[in-house]
1. Inside segment 6-85, counting only helices (runs of 4 or more DSSP H) that do not spill past its ends, which hold 2 or more residues that are surrounded by fewer than 17 Cβ atoms within 10 Å (Cβ to Cβ) and either modelled with pLDDT of 80 or more or in contact with a helix residue (DSSP H, G or I) (Cβ under 6 Å, 6 or more places away or on another chain) (or both)?
2. Residue under question is Ala286, and the condition is that it be aliphatic (A, V, I, L, M), in a helix (DSSP H, G or I), in the same structural domain as Phe319 (by TED's automatic domain parsing) and surrounded by fewer than 17 Cβ atoms within 10 Å (Cβ to Cβ); does it hold?
3. Are any residues in segment 321-337 touching a His at 6+ places or on another chain (Cβ under 8 Å) and assigned to a loop (DSSP other than H, G, I, E, B), and if so, which ones?
4. If I filter segment 305-317 for residues that are in contact with a Gly (Cβ under 9 Å, 6 or more places away or on another chain) and either among the aromatic types (Phe, Trp, Tyr) or under 20 Å from Arg164 (Cα atoms) (or both), do I get at least one hit?
5. Could we say that Met226 is in a strand (DSSP E or B), of a type outside the set (Ser, Thr, Tyr) and either in the same structural domain as Gly370 (by TED's automatic domain parsing) or crowded, with 18+ Cβ neighbours inside 10 Å (or both) here?
6. Within segment 171-194, is there a residue that is among the basic types (Lys, Arg), part of a loop (DSSP other than H, G, I, E, B), free of Cβ contacts under 8 Å to residues at least 24 places away in the same chain and outside the structural domain of Asp418 (by TED's automatic domain parsing)?
7. With out of contact with any helix residue (DSSP H, G or I) (no Cβ under 7 Å at 6 or more places or on another chain) and in contact (Cβ under 8 Å) with a residue 12 or more places away in the chain as the only criterion, which of His366, His352, His339 stands out?
8. Looking only at segment 301-315, decide whether some residue is at pLDDT below 95, of a type in the set (D, E, K, R), buried (at least 23 other Cβ atoms within 10 Å of the Cβ) and in the same structural domain as Gln237 (by TED's automatic domain parsing).
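The values are calculated or read from the model by the stated rules, or taken from the named source; none is laboratory data. Remember, predicted model here, so these are calculated numbers, not experimental data. Cβ coordinates were reconstructed from backbone atoms using ideal geometry, including for glycine residues, and neighbour counts include every protein chain displayed.
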Amino acid sequence: MNTKPPKLNTIITPEVAKTYLINVAETLNNLVIPHLEGTSRARANDCLRIVSRLVSNSELSDKSVELLACEAGDAISEALIEGAAIENANEEGVQYLQSIKATVPVASRSFDHLQLETYLRRHPLGGDKVRITQSRLLVGGRSKITVLVSQQGATGLPEDFVLRQDWANSPTGKAVEIEFELLKRLHSAGVLVPKPLLLERSKEVAGNPFMIVSRQPGAPSGDHFMSLPSSERPLMQLAEQLGLIHGMETAEFERMEGIVETNYKPEQMRANLAAYAATIAKHDTAKSPLLDQTIQWLDRNADRVATAPRTLVHGDFGFHNSLVDGDDLSVILDWELVHLGNPCYDLGYLRHSVTDNAVWARFMEHYRSGGGPDFDPEFVDYYTLYTGIWYHQIQLHTRNFLLTGVVHDMEISALCADFAPMVLASISRTLKRVSGKPLPGK
């Protein structure tokens, strides 16, 4: 009988762990420790030494491996060989720590406010008296550069605004130009979105296209789509906003460049699922019965969910992309994954975070009151699984960017290392709920 335990695809290999730890060590050294003092700085340096040691020991060097492979004539010789390998590993750990300490702080994302100031002085909304008084590059976000900017002297801009810029290493690759045109339509319809103020399509100004939008009060409740606010009130307000969005006529959005239909028709679903499965097979070598069975279930039921109406879909809907001001929803952000498709995509995406069935029932009541269309409630389970698979494969793809050095980003490292297993657990809970219960037919 084979008693070997099965592998889990959530287990992090030494190579992946080393990549995450390098990002942690460099972030500690370059962005955290310089701002600390006294005991806090000393403790942070202790953390850096621990992480550096883990990095250096996560994969033995060729020299250490050669030492350990030496033949020993007796127990003492074997002990000395091991001691020599340990000494070598210690030396390499010190060398690695010194190499981190010697690095010049380099942010994976950057912003030059002087470039923006020069640009605005030539722009009709700015003028020659514009002066940027403050700019702050925000942490969080995985596919755009976001900067809070304060200015004085502009003729057509508020004193405080937000700049959103395309990022070359974005996992989604969607442009701010698409988002800008969409925001104009949504803002005029009363949806809680930032007011679009300025769009610069050229890469010549600041390296990549950017847009400027109004700055809204509040703060996000979390940094991923399982985040919820402490109060239920903004959740129900979000439901009403989603109902408003899904209840809008789609004709005008169909004419907008970059907004296409996807995740809706059975052939679209099956093509996407095949692509997701291929990415998982390529980047996650441990076979996963959970993922295999989920993809098969989704493929079998693709025809049935297409009976839902087609609407505008946010594509990344949740409190990680919203601001809450006190007890009220302030604004819905980050429309770069917008498409035309099944409204249950947004609902299934959000369902990962709303695990309480009673709360979900109240959410759906507010969704209907906001104008949300009718569909079979079990379609939401389908898209909870579907969006979970989508996320898992995109984080594997992004993790490969980390491993190959294409992306060097602490936020993405944290997302892959910490959040990805939570998504797999949500997939498991949802599959348990739907297994043996096929979706209703046409």
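1. 38-57, 62-68
2. No; evaluated as a whole, the condition is false for this residue.
3. Trp335, Leu337
4. yes
5. Working: in a strand (DSSP E or B): no; of a type outside the set (Ser, Thr, Tyr): yes; either in the same structural domain as Gly370 (by TED's automatic domain parsing) or crowded, with 18+ Cβ neighbours inside 10 Å (or both): yes.
So Met226 fails the test.
6. So the first thing to find is which residues in segment 171-194 are among the basic types (Lys, Arg), and the list is 174, 184-185.
Narrowing further to those that are part of a loop (DSSP other than H, G, I, E, B): 174.
The next check asks that each one be free of Cβ contacts under 8 Å to residues at least 24 places away in the same chain; those that pass are none.
No - not one qualifying residue is present in segment 171-194.
7. After ruling out the rest, the residue left standing is His339.
8. no
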